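Readers should treat all values here as calculations from the given coordinates under stated rules, not as data from a laboratory. Quick caveat, the model's predicted, so the values are computed rather than measured. Here the Cβ positions follow ideal geometry from the backbone for every residue, glycine too, while neighbour counts run over all protein chains shown.
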Amino acid sequence: MPRIIQNLEVGISENLDEVLREKLALQMPQFTDYRILRQSVDARRRHSPHFVITVEVADLGEKLENPTFPVQRQTYQGKEKPIVIGTGPAGLFAALRFVERGIPCHLFERGSQAEERIKGINRFWRYGDLDPRNNVCYGEGGAGLYSDGKLITRIKSPHIPYVLQRLVRFGAPEEIQYLANPHVGSDKIRRVIPHLRQFLISQGCEIHFNTKIEKLLTEGKSIVGVKTEHGQEYHSSHVILATGHSAEDMIHHLHEIGVFLEGKSFAMGLRIEHPQTLINKIQYRDFADHPKLGAANYKLAHHDQKTNTGVYSFCMCPGGYVLSSGTEPDGIVCNGMSNFNRNSPFANAAIVVSIDHEKLFGNDLFGGLKLRRQLESEAFQRVQKAGGKKELPAQRLSHFLNKKTGDVLKGSSPSGALPIPLHELLPNFMFQNLVAGLHQFERSMKGFIADQAQLYGVESRTSCPIRVTRDTETLESVSHKGLYPCGEGAGYAGGITSAACDGVRIAEKISEKILQNHYVPIGY
């Protein structure tokens, strides 16, 4: 059998293939081929940054084959089609798993296809005219998958290799299957989504764009279908709810029909931007300009023991852009993205404060949503009062820390920026925790607090503040049979990969029910 060899070190100035073959020959003199399983950069040694690589090696007489993760397809005789609401990563991969199992399904999306969606996004960034159906959060591809394509995840799921391999099959770069920080990029993901869509359609998935689900149909405590904004009803005893972290209208509808919900802790804050050259210098020091290292990233965290509050970086975008990402015409939200080559001169990341639901809101189920809406609305109003329309509120980092006002730096946002005192916008507890966290980050990364650094507001959509609680075994709502809360918006994922895996997991659970004795489980 092929052998796995871990933690091989290769200097960044060395020939990767040549050095790997030399190192492998010492351990397996008769090896015939190898395949990289994981590759990361270790720059902790000041004078010798290097790659750390795990490989699969074939010995004499063996052959390596890239795994394809085949799915056992069955002949489905039933008339009822499962319903999937939302075309973010959770919804798309749930639909993908269904059709690979041989089960046709309905897939609903309030926004448009990716090609039309980007037109609405560009109009908003350029003129400030928000399309409530086609923006950075709504439309085919969902929020994270379409805006950036970072695939980093902390979960341990057997479906991760399947998700990455399918993205590659539809056009993503092969390297996402082994890089420690896999990233598709906003530019390349636009080519992946249409290929995935065409495959779904060819395999029996009916996709309904520009079709908002207005109502879940119920019989007692069971969900039996959906009603669209166009008045059409579709019936099914299996409805996957994958509407994302911004669909507040659906959350309120669930509450109205008695679906069990619970408040969930989450995080909010600001987005920080530095020149990418500065981050490269901090992380790579004398090797900051080395062509093999590319744009450096970082991951930072601080925990206040007294208040049990965390401050951490989130969604770090090397060589990226700060985006205006709101979904309401009277609110401002910021987010980050980067293209595959990460060639913007700026680096940005969310710097957020953990929000403990029970501690801050008690029994107020909608406390988190109210705070989120309050900050987004206040940000919008301040920009309007400053004479702006489409710009993001921004403040130099040094001004923020010292509660001062002043001009803003030229940055990456296609919407532009206006000087707004963000220290006044945020609740005091958030401001104080951000200040403490930023000073700790400076101790971890000397130079992080720099004159060239700038903050943008508000980073409020890290996750949904409400969970649609589901049973741990059936994955159905604990209150309504037939409803399957899924992905980030339901409180069961924290990014593209984890949301996609959650969609696969639920589709598998439903397939097991539908196919019954014909179901063949797939293990990895």
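Charges at C-beta only: +1 for Lys and Arg, -1 for Asp and Glu. How large is the resulting dipole of region 3-58 about its Cα centre, in Debye rounded to 20?
Once rounded to the nearest 20, the dipole reads 260 debye.
Give me the base-10 log of I(q)/I(0) for region 195-332 at each q in 0.14, 0.18, 0.21 Å⁻¹, Debye formula, one uniform scatterer per Cα, rounded to two decimals.
Values, matching the q order: -0.96, -1.13, -1.29.
Work from the charge dipole of the chain (Cβ charges, +1 for Lys and Arg, -1 for Asp and Glu, about the Cα centre) and give the residue of LEU216, ALA242, GLY437 farthest towards its positive end.
Value computed over the given set: GLY437.
How high is the relative contact order of region 332-440, in percent, counting Cα pairs under 8 Å that sit 6 or more residues apart?
About 25 percent, as a whole number.
If each Cα of region 324-435 is one equal point scatterer, what is log10 of I(q)/I(0) from the Debye formula at q = 0.17, 0.19, 0.21 Å⁻¹?
Computed log10 I(q)/I(0) values: -0.94, -1.14, -1.31.
Sequence neighbours fewer than 8 away in the same chain don't count; with that in mind, list the lysines whose C-alpha is under 20 Å from LYS63.
Straight-line reach from LYS63, under 20 Å: LYS23.
Remind me, relative contact order of region 3-58 in percent, using alpha carbon pairs under 8 angstrom and six or more residues apart?
On the way: 84 pairs, mean separation 28.2, N = 56.
Computed over region 3-58, the figure is 50 percent.
With a cap of 14 neighbouring Cβ atoms within 10 Å, and only residues DSSP puts in a loop, list the GluC sites (Glu not before Pro) found in region 419-524.
Working: sites: GLU424, GLU442, GLU459, GLU473, GLU476, GLU488, GLU508, GLU512; in loops: GLU473, GLU476, GLU488.
Answer by residue number: GLU473.
Can you give me the orientation-averaged projected area of the convex hull built on the Cα atoms of the chain, in nm²?
Values: hull surface 102.1 nm².
Dividing the Cα hull surface by four gives the mean projection, 25.5 nm².
Enumerate by residue number the GluC sites (Glu not before Pro) in region 185-273 meeting two conditions: DSSP loop (anything except H, G, I, E, B), and at most 16 other Cβ atoms within 10 Å of the site's Cβ. Mind showing how you got there, number by number?
Values: sites: GLU206, GLU214, GLU219, GLU229, GLU233, GLU248, GLU256, GLU262, GLU273; in loops: GLU229.
Counting only loop positions with at most 16 other Cβ atoms within 10 Å, the GluC sites (Glu not before Pro) in region 185-273 are GLU229.
Quick check on the exposure proxy: order ILE176, ILE152, ILE496 from fewest to most C-beta atoms within 10 angstrom. Let's see the in-between values first.
Details: ILE176 21, ILE152 17, ILE496 32.
Result, fewest neighbours first: ILE152, ILE176, ILE496.
Find how much the distance from ARG373 to ASN402 grows on full extension, using 0.36 nm per residue of separation minus their present alpha carbon separation; answer in nm with one decimal. List each step's numbers first, then the result.
Numbers: separation 29, 0.36 × 29 = 10.44 nm, distance 2.65 nm.
Residue separation times 0.36 nm, minus the Cα-Cα distance, leaves 7.8 nm.
I need LYS221, LYS410 ordered by Cβ neighbour count within 10 Å, fewest first.
On the way: LYS221 14, LYS410 10.
Listed from fewest to most nearby Cβ atoms, that is LYS410, LYS221.
Got a sec? How would ARG342, ARG470 order by Cβ neighbour count within 10 Å, fewest to most? Each step should come with its number before you reach the end.
Details: ARG342 18, ARG470 23.
So the ranking, lowest neighbour count to highest, is ARG342, ARG470.
What are the principal axis extents of the Cα atoms in region 265-459, in Å, biggest first?
Taking max minus min along each principal axis of the Cα atoms, region 265-459 gives 52, 41, 32 Å.
Using just the C-alpha positions of region 104-198 as equal point scatterers, what log10 of I(q)/I(0) does the Debye formula give at each q in 0.10, 0.15, 0.25 1/Å?
Debye intensities relative to I(0), on a log10 scale: -0.29, -0.64, -1.27.
Please state the shape class of region 14-93: rounded when a/c is under 1.5, otherwise prolate if a/b exceeds b/c and oblate if not, all from the C-alpha gyration tensor. Write out the running numbers ahead of the final one.
Numbers: a/c = 6.45, a/b = 1.84, b/c = 3.52.
Here region 14-93 falls in the oblate category.
Please compute the contact order of the chain in relative form: average sequence separation of alpha-carbon pairs under 8 Å and at least six residues apart, divided by the residue count, as a percent. Can you show the working numbers first?
Details: 1180 pairs, mean separation 95.2, N = 524.
Once divided by the residue count of the chain, the mean separation gives 18 percent.
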